[in-house]
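Peer 1: I'd like to ask you about the structure that follows.
The values are calculated or read from the model by the stated rules, or taken from the named source; none is laboratory data. All values derive from a computational prediction rather than experimental measurement. All Cβ positions, glycine included, derive from the backbone under ideal geometry; neighbour counts span all protein chains shown.
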Amino acid sequence: MSYIYEPKGKAGEYGKYALNLYNGCTHGCRYCYCPAIMHKTRDQFHAVGTPRFFDYPKLMEEIKQHQGKSLFLCFTCDPYQPVNEEHNLTGRIIEVCHHNEIKVIILTKGGKRSEKDLDLLAKNPNLSEYGVTLTFLEDVDSLSWEPHAALPMERITILRKAHDMGIPTWASLEPVIDPVQSLEIIRTTHEYVDVYKVGKWNHDKKAKDINWRDFGIRAKEVLQQYGKNYYIKRDLAVFLNG
């Protein structure tokens, strides 16, 4: 079994190669699709966020084989689980990747838990991308949908710090649960987000109540207004004539 793999489907639009560092995720996001993928109940999946058991010599060899490529952290977990502060697993992987000339693409809702690795990312900005999932601006909505993730402004604060340190930044606007808030996120963060990746809401019948074409058109208008680089994911792009 390989630890580093090529994501398929929607995940493949975020990164060609990925590594998942933890088993489970304690953020408890109600929209998370990972419990189904991992064949676990939501309670089982969100109860723990423990480091995976790695055969480290094998993992190091796999990393070396990906020299000159990019590695996404992570798809089936957040790279900044509470236990990361004890194990520093994510920081160690960043160091090994940079040593082997591998770009590390971070996506997190961990807020301040990710702050300690910004110095590592800033040492090699050409081999680093720091991304944050931004679903809401209102704390009450975030607490309802993402009860144990960092609150929106905490994530945004660390994102801005990363940008000020010269680290390339990006924001994942997926899932879009409240289109009004998602558009406002762009207006609020455009000065320190280099790239936006926008996708719709899936795996919930309520998503059908959203006019995705209208949202997609408006999102593009706002992004173009601010001159931002962006990527519209395929599941949303189909509502915009591809």
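Peer 1: So, in region 85-104, of the ones that are out of contact with any Phe, Trp or Tyr (no Cβ under 8 Å at 6 or more places or on another chain) and either touching a residue at least 60 places away in the same chain (Cβ under 8 Å) or crowded, with 21+ Cβ neighbours inside 10 Å (or both), which residue ends up farthest from D119 (Cα to Cα)?
Peer 2: Ranking the qualifying residues of region 85-104, first place goes to I102.
Peer 1: Right, another one. Within the group K197, K208, K233, which residue is more than 29 Å from V83 (Cβ to Cβ) and out of contact with any Gly (no Cβ under 7 Å at 6 or more places or on another chain)?
Peer 2: K208
Peer 1: Of everything in region 222-242, what is of a type outside the set (A, V, I, L, M) and surrounded by 12 or more Cβ atoms within 10 Å (Cβ to Cβ)? Give them in sequence order.
Peer 2: Listed by number, the residues that qualify are Y226, K228, Y230, Y231, K233, R234, D235, F239.
Peer 1: So, one more: Just the residues that are touching a helix residue (DSSP H, G or I) at 6+ places or on another chain (Cβ under 7 Å), of a type in the set (A, V, I, L, M) and closer than 16 Å to W145 by Cβ, please, taken from region 195-218.
Peer 2: Across region 195-218, the qualifying residue is only I210.
Peer 1: Kindly check whether there is at least one residue in region 47-56 that is at pLDDT below 90, over 22 Å from Y196 (Cα atoms), surrounded by 12 or more Cβ atoms within 10 Å (Cβ to Cβ) and not charged (D, E, K, R).
Peer 2: Checked against the condition, which is being at pLDDT below 90, over 22 Å from Y196 (Cα atoms), surrounded by 12 or more Cβ atoms within 10 Å (Cβ to Cβ) and not charged (D, E, K, R), region 47-56 yields at least one hit.
Peer 1: I'm trying to understand the selection: among the residues of region 61-106, which are among the polar types (S, T, N, Q) and within 24 Å of V48 (Cβ to Cβ)?
Peer 2: Passing the criteria: T76, Q81, N84, N88, T90.
So that you can scan it fast, the table gives a plain yes or no per residue for (1) within 17 Å of K228 (Cβ to Cβ); (2) touching a Leu at 6+ places or on another chain (Cβ under 6 Å):
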position	(1), (2)
L151	no, no
K161	no, no
W170	yes, no
S182	yes, yes
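Peer 1: Then there is this: Counting only residues that are more than 25 Å from L121 (Cα to Cα), of a type in the set (S, T, Y) and surrounded by fewer than 19 Cβ atoms within 10 Å (Cβ to Cβ), how many does region 131-159 have?
Peer 2: 1
Peer 1: Select from region 55-104 the residues that are among the polar types (S, T, N, Q) and either touching a Gly at 6+ places or on another chain (Cβ under 6 Å) or part of a strand (DSSP E or B) (or both) and list them in ascending order.
Peer 2: S70, Q81
Peer 1: Among the residues of region 1-46, which ones are part of a loop (DSSP other than H, G, I, E, B), surrounded by fewer than 17 Cβ atoms within 10 Å (Cβ to Cβ) and among the β-branched types (V, I, T)?
Peer 2: T41
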